[in-house]
Amino acid sequence: MNVVLWIIAGLLAAAFVAAGAMKLIQPKEKLAAAGMGYVEDFSAGAVKAIGALEVLAAIGLILPAALDIAPVLVPMAALGLVLLMIGAAITHLRRGESQMIVINLVLLALAAVVAWGRFGPESFTG
């Protein structure tokens, strides 16, 4: 189970580093033109903040456990991603973007598995 949790955390980290970096680097207008119309519902600062949270959560999924420094941050980062994905799903639901909701729910489920596994049976503190 430990290996499965590491794999899921690694996949989530890769996805959220990429998504977050894109939100941090590119201007809101370019993101909207690339098919991320939901950014029009947020200020440029809010889009950057969401990107920063995604990057920080991705780092939190891997580094604390890999460096054995405060590994309790791993399930907390996963829980943070669960909350981000709930917000994303609500945003896409309001906009009628059902395909994006499916993606949000898959990412939410994966993050929830990591949070459950690292808070519970495969905790780094046990």
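Tabulated data for the structure shown
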item: Neighbours by Cβ (under 9 Å, 6+ apart or cross-chain): first from the stretch 63-80, within 13 Å of S123 (Cβ to Cβ); second polar (S, T, N, Q) and at pLDDT below 90; result: P71/S123; P71/T125; V72/S123; V72/T125; P75/S123
item: Number of positions in the stretch 5-28 that are open to solvent by less than 40 Å² (accessible area, probe 1.4 Å) and touching a residue at least 60 places away in the same chain (Cβ under 8 Å); result: 5
item: Enumeration of residues in the stretch 99-112 that are open to solvent by less than 60 Å² (accessible area, probe 1.4 Å) and touching a residue at least 40 places away in the same chain (Cβ under 8 Å); result: L107, A111
item: For G96: the one exception among (1) at pLDDT below 95; (2) surrounded by fewer than 17 Cβ atoms within 10 Å (Cβ to Cβ); (3) more than 21 Å from D41 (Cβ to Cβ); result: (3)
item: Subset of the stretch 29-54 (residues that are open to solvent by 40 Å² or more (accessible area, probe 1.4 Å), over 13 Å from L84 (Cβ atoms) and not in a loop (DSSP other than H, G, I, E, B)); result: E29, K30, A33, E40, D41, A44, G45, K48
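The values are calculated or read from the model by the stated rules, or taken from the named source; none is laboratory data. Small disclaimer: the values here were computed from a predicted structure and weren't measured. We place every Cβ from the backbone using ideal geometry, glycine too, and count neighbours over all the protein chains shown. Each accessible area value is taken on the protein alone, full model and side chains, heavy atoms only, with ligands, DNA and RNA left out. Shrake-Rupley method; radii C 1.70, N 1.55, O 1.52, S 1.80 Å.
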